[in-house]
Amino acid sequence: MNKPITPSTYVRNLNVGLIRKLSDFIDPQEGWKKLAVAIKKPSGDDRYNQFHIRRFEALIQTGKSPTSELLFDWGTTNCTVGDLVDLLVQNEFFAPASLLLPDAVPQIVNTLPSREAVTVPQKQMPFSERDRISVIPMQNLEQNYVPPDSTSPENKGLEVGDTRFHSFSFYELKSVTNDFDERPISVGGNKMGEGGFGVVYKGYVNNTTVAVKKLEN
């Protein structure tokens, strides 16, 4: 029987089937390159340079997965699943991160593409009640999206599985994210990750976890 995966599990001990599932998420759009660049040596230097990246890229022509080969190689350094999940979350690979450690990733972001996250421009923040921001709560990965019933009454609260849009003021979003706490979640903050368009924060609305993306201009 396979042992349960924990943050201290070595990446090299992950079974091949799980590595393939991770690759299915990370291989598209060259996500593996983003991950490779984020991997560091204990000294803080990049572990993989352009030569290494070109070597992994060449594997595609042979039908191999660059993500799988990257994880197999990095695994020789005794990196852990916790290390991998930290990098996945930092680079907004939320789905593969939840595949490894579901409890380490807020459920709300499992199916939430980064461009659909709640957005709050960093400049010219809304200060009036008329300036609102739309929020869409998410479902579990295993569930399919069902369009909301247009005849159903409006409900201000958020519930898991509720796919209707909800509006929140800047002040409300500021409150649920602890004033956009920049500290990582691992040290008690609200920052989940950072991408090319902005920073993603974790928040809570009516006991439901939400992801709030603060856009950069």
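The values are calculated or read from the model by the stated rules, or taken from the named source; none is laboratory data. Being a predicted model, the structure only gives us computed values, none of them experimental. Backbone-built Cβ (ideal geometry, glycine too); neighbour counts: all protein chains shown.
In the set (1) under 21 Å from Leu99 (Cα atoms); (2) touching a Phe, Trp or Tyr at 6+ places or on another chain (Cβ under 8 Å), Phe56 fails one condition alone, (1).
Residues of region 42-55 that are part of a loop (DSSP other than H, G, I, E, B), at pLDDT 90 or above and over 23 Å from the mean Cα position of the chain (by Cα): Asp45, Asn49. Could you check, for region 9-28, whether at least one of its residues is of a type outside the set (A, V, I, L, M, F, W, C), touching a strand residue (DSSP E or B) at 6+ places or on another chain (Cβ under 7 Å) and in contact (Cβ under 8 Å) with a residue 60 or more places away in the chain? So far as region 9-28 goes, yes, one or more of its residues are of a type outside the set (A, V, I, L, M, F, W, C), touching a strand residue (DSSP E or B) at 6+ places or on another chain (Cβ under 7 Å) and in contact (Cβ under 8 Å) with a residue 60 or more places away in the chain. If you filter region 56-94 down to residues that are part of a loop (DSSP other than H, G, I, E, B), on the phi < 0 side of the Ramachandran plot and not aromatic (Phe, Trp, Tyr), you find that the one that is surrounded by the fewest Cβ atoms within 10 Å (Cβ to Cβ) is Thr76. Tell me whether region 28-39 contains one or more residues that are in a helix (DSSP H, G or I), on the phi > 0 side of the Ramachandran plot and not β-branched (Val, Ile, Thr). The answer is yes; a qualifying residue exists.
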